[in-house]
Structures are given as C-alpha cells and as structure tokens.
Amino acid sequence: MITAEDIPNDLYEAADKLEAGLVDEDKGYILQNGAIGLHHTLGRYLRNTWGLWEGSAGKHSPLRDWFLNRGLGHADDMSAIILDYFTSKLRHEEFDLDSAIEYYRHYWEDLGINPLTQEKI
C-alpha cells in the first residue's frame with residue numbers, strides 16, 4: 001500500500017515504492033498501457049498522498065522538494081514524471097529525466113508562466 005507515512009525522497013525511491021506497493025495486476029496494466037489514463041487515478045493519489053501540491057498532506061514533502069530543486073513546481077508535472085519513469089523502469093527502458101523536466105518547463109514558459117512558481121512571467 002502506498003501511504004503518506006513514508007513519502008519518498010526522490011524519483012527513484014518513488015518508483016521503488018510504487019513497485020512494492022502496487023499489486024501485480026496494476027503493474028501489468030502500466031506495463032501494457034503506460035501512464036496514459038492514470039492522471040486522474042493513480043496520479044491524483046500520488047499528488048495528494050505524497051504531498052506534491054504546495055502545502056498538501058499537512059506535512060513537508062521531500063519528494064516535492066526534489067522536484068522544486070529541478071525547477072518544477074506543478075504537482076501534475078511531478079506525478080506525470082513519476083509515472084513515466086515508473087513505466088520505463090517496468091519496461092526496462094531508458095528514461096531521459098532531463099528531457100522530461102525540460103518538456104514541462106518549456107510548456108509553462110511558452111504560456112508565459114514560471115514553471116517553478118506558477119506565476120506569470
């Protein structure tokens with residue numbers, strides 16, 4: 001079971017906790033389908049349980065800090081990267097973290113929004 005009691009410190013611990021906490025059926029679904037369609041289910045659960053929203057979970061989130069230190073401040077981006085990395089890990093595929101972070105940074109910048117603070121630039 002994935003809980004808030006043991007919030008991961010970084011992306012790699014997050015993937016390990018997903019691997020340990022998900023049942024084989026869920027891992028099989030992700031292996032076959034990827035992270036598509038998980039934003040409003042598992043993604044939401046991770047955002048809320050692991051404190052990815054600013055001030056969420058009523059406690060300090062080292063995982064949120066890990067993403068903030070890489071220039072990302074939106075919880076949706078964080079959970080998407082976690083799920084994409086986890087999918088890559090299950091499939092034994094390479095994952096380009098730098099490219100994933102840059103994708104989300106450019107997305108917000110193209111909208112005129114600071115990707116870290118979510119404020120207008």
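Here are a few things to note about the model shown:
- Candidates in region 56-94 are the residues that are in a helix (DSSP H, G or I) and of a type in the set (S, T, Y); of these, the one that is modelled with the lowest pLDDT is S56.
- Residues of region 96-115 satisfying the condition of being within 15 Å of F67 (Cβ to Cβ) and part of a loop (DSSP other than H, G, I, E, B): N114, P115
- Any hit, region 40-48, residues being outside any loop (DSSP other than H, G, I, E, B), hydroxyl-bearing (S, T, Y) and more than 15 Å from the chain's Cα centre (by Cα): no
- D96 being loosely packed, with under 13 Cβ neighbours inside 10 Å and farther than 22 Å from D6 by Cβ: yes
The values are calculated or read from the model by the stated rules, or taken from the named source; none is laboratory data. Since the model is a prediction, treat every value here as computed from it, not as a measurement. Neighbour counts are summed over all protein chains in view; Cβ atoms, including those assigned to glycine, are modelled from backbone coordinates with ideal geometry.
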